Amino acid sequence: MRQGDELSAPSQSRQGLRDELLALMRSWDIKVDGTLTADTPLIDSGLFDSLALFNLVLWVERQTGATLDPTTVDLAAEWNTVSGVLDFIDRRRGRAR
Amino acid sequence: MSADYEVFKYRPEHKARVAELQCDLWSSDPALNTAILEWKYERNPYLRAIPIYLAASRGQVVAMRGFYGSSWEGGLPRQEALVYCADDLVIAAEHRNRGLFTLMMKAALDDLGASGTGIALTLSGGLPTVLGSLTMGWKSIGQTRPVRLVSKRTRQIRRLRGYAGEVPVIRRTLKWLPESQPERFVRLDTAATPTAPSRGGVWLAREPQTMAMADLVERLGTDGRIRHVRDQKYFTWRFANPMNEYRFLYAGRESLTGYLVLRRSVSDRFDMSAVHVSDWEGVNQEVKKDLLRAAIEWGRFSELMAWTTTMSRDTIRVLREAGFPEPIPSPRGIPCVLVKPYGATTSARIWTMAGKPLLDPSSWDLRMLYSMQG
């Protein structure tokens, strides 16, 4: 990572992050059949449009404290659920330590 | 949800609605949008069909994704292939985040795949489009690495705006000081008169010398990298884009030794003050240098932008000597060019063209001209 790409990464529990992300997604007005949970398929279902993904990238960047190059990530596999996104953040934080 | 939408192919009776819908993307003028649609899709030299995919809700067209035709070549000896370029995504504001992007892209690629196999490109997508495409298996070939030569006046005004943005009185004053005027090639046209001091015999034209340009490209030959076919047919169509105005700097008279194409947007949806180096060729670096210097000295543009992706180190050096900054990769990986094979095949060869691996940037010779930024 280059200097200047670092963002300040808030430290928060996984549970806290999950609640924050679910609340955020609800505010993005994503239309879900039923309730949006940590395991609702977001990408497979076509539920998650490009604008929501854009917002999600910005949110993940804030959590990991680093600018993200999404072209290097298999978004369909890794970000298909809220749980998957949180796993991704865990891995990135682990790598940065 | 997607069940509320129907995706289908464009038909001529949709033209007026598409022109209206494209007021969010192409321009605020439906008449200009109609002209763009007719040029890009109806008069496309590579396809008779019009692969525009529309989504409707309760009978009203609310979204569009187009795939215009293009012809690319690669390898030695050259092999040509029809390539679909995904472009012109627009979704009416109240229908965003409803899965329409995925729905339309899937319908389009299924439809294209039903008639064969091939590759599709996205040459100038913004971050949202890139993200949506990545989720559907598109992959990045590499960043376009734009570089900008910004005039001193424009830099000063931008700096002033940066400093003063927080001070209401100054901010109000700055509102009346435009950062830069729409570029209309006035300085270029005035300076580049037949009597103007010439650099290496460089001269300016408003019309493309399509035959001479194609002849130069042919004489320069190819190194086998994948690139758009630049023949007379292509140039004739390409420079008729109603969204842009072009100027052509040429070196050589009897037979061209180089050319540099400058483009400005006439659409209010795009930056009208920046000029783009759409394409640039020369028999050697000296010719390219003369062309670029003539463009800069005659045009005195607020901002001149060029892509440096896949450009040789020697040519990047010419840009640097002219005052452009060193190209720096973006940490977000965009802007970039995306590729995706389509069609029913499981062969590993789907990620190759003319024997070249598609995901290796060194397989490509990419120019801004091939995208709609050029």
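The values are calculated or read from the model by the stated rules, or taken from the named source; none is laboratory data. Keep in mind it's a predicted model, so treat the numbers as computed, not measured. Here the Cβ positions follow ideal geometry from the backbone for every residue, glycine too, while neighbour counts run over all protein chains shown.
Just checking, which of B:Ser273, B:Ser302, B:Ser312 is of a type outside the set (Lys, Arg), in contact with a Ser or Thr (Cβ under 8 Å, 6 or more places away or on another chain), surrounded by fewer than 21 Cβ atoms within 10 Å (Cβ to Cβ) and more than 14 Å from chain A (Cβ to nearest Cβ)?
After applying the criteria, what remains is B:Ser273.
Could you identify the single residue in B:Thr102, B:Thr129, B:Thr117 that is within 10 Å of another protein chain (Cβ to nearest Cβ) and farther than 26 Å from B:Arg145 by Cβ?
Exactly one residue qualifies, and that residue is B:Thr102.
So which pairs qualify, if the first residue must be in segment B:254-273 and farther than 17 Å from B:Ala240 by Cβ, the second must be at pLDDT below 95 and surrounded by fewer than 18 Cβ atoms within 10 Å (Cβ to Cβ), the Cβ gap must be under 7 Å, and the two must be at least 6 apart or on different chains?
B:Met272/B:Pro182; B:Ser273/B:Gln181; B:Ser273/B:Pro182
Name the single residue, out of those in segment B:105-114 being among the hydrophobic types (A, V, I, L, M, F, W, C) and touching a residue at least 12 places away in the same chain (Cβ under 8 Å), that is farthest from the other protein chains (Cβ to nearest Cβ).
B:Leu112
Considering only segment B:318-350, how many residues are free of Cβ contacts under 8 Å to residues at least 24 places away in the same chain and either touching a Gly at 6+ places or on another chain (Cβ under 9 Å) or part of a helix (DSSP H, G or I) (or both)?
The number of residues fulfilling the criteria is 4.
Scan segment A:43-97 residue by residue and report those that are within 12 Å of chain B (Cβ to nearest Cβ) and touching a residue at least 40 places away in the same chain (Cβ under 8 Å).
A:Glu61, A:Ala66, A:Thr67
Listed residues B:Ser255, B:Ser267; which is over 25 Å from B:Arg313 (Cβ atoms), surrounded by fewer than 23 Cβ atoms within 10 Å (Cβ to Cβ) and under 17 Å from the mean Cα position of the chain (by Cα)?
B:Ser267
Could you check B:Ala164 against (1) away from chain A (no Cβ under 14 Å); (2) touching a residue at least 24 places away in the same chain (Cβ under 8 Å); (3) not charged (D, E, K, R) and say which number it fails?
Of (1) away from chain A (no Cβ under 14 Å); (2) touching a residue at least 24 places away in the same chain (Cβ under 8 Å); (3) not charged (D, E, K, R), only one is false for B:Ala164: (2).
For (1) closer than 20 Å to B:Met368 by Cβ; (2) in contact (Cβ under 8 Å) with a residue 60 or more places away in the chain; (3) touching a Ser or Thr at 6+ places or on another chain (Cβ under 9 Å); (4) surrounded by fewer than 21 Cβ atoms within 10 Å (Cβ to Cβ), each residue gets a yes or a no:
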position: B:Ser71; (1), (2), (3), (4): yes, yes, no, yes
position: B:Arg78; (1), (2), (3), (4): no, yes, yes, yes
position: B:Arg98; (1), (2), (3), (4): no, yes, yes, no
position: B:Leu121; (1), (2), (3), (4): yes, yes, yes, no
position: B:Arg155; (1), (2), (3), (4): no, no, no, yes
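Could you check B:Arg148 against (1) within 30 Å of B:Glu321 (Cβ to Cβ); (2) within 9 Å of chain A (Cβ to nearest Cβ); (3) surrounded by fewer than 20 Cβ atoms within 10 Å (Cβ to Cβ) and say which number it fails?
Condition (2) is where B:Arg148 drops out.
Looking only at strands (runs of 3 or more DSSP E) that lie completely in segment B:33-147, which have at least 1 residues being of a type in the set (Asp, Glu) and at pLDDT 95 or above?
B:60-74, B:79-91
Please go through segment B:276-286 and give me each residue that is farther than 20 Å from B:Asp231 by Cα and buried (at least 23 other Cβ atoms within 10 Å of the Cβ), ordered by number.
The one that is farther than 20 Å from B:Asp231 by Cα and buried (at least 23 other Cβ atoms within 10 Å of the Cβ): B:His276.
Out of (1) in contact with a helix residue (DSSP H, G or I) (Cβ under 8 Å, 6 or more places away or on another chain); (2) away from chain A (no Cβ under 14 Å), the odd one out for B:Trp72 is which?
Of (1) in contact with a helix residue (DSSP H, G or I) (Cβ under 8 Å, 6 or more places away or on another chain); (2) away from chain A (no Cβ under 14 Å), only one is false for B:Trp72: (1).
Quick check on A:Gly65: is it under 22 Å from A:Ala23 (Cβ atoms) and in contact with a strand residue (DSSP E or B) (Cβ under 7 Å, 6 or more places away or on another chain)?
Yes: the conditions hold for A:Gly65.
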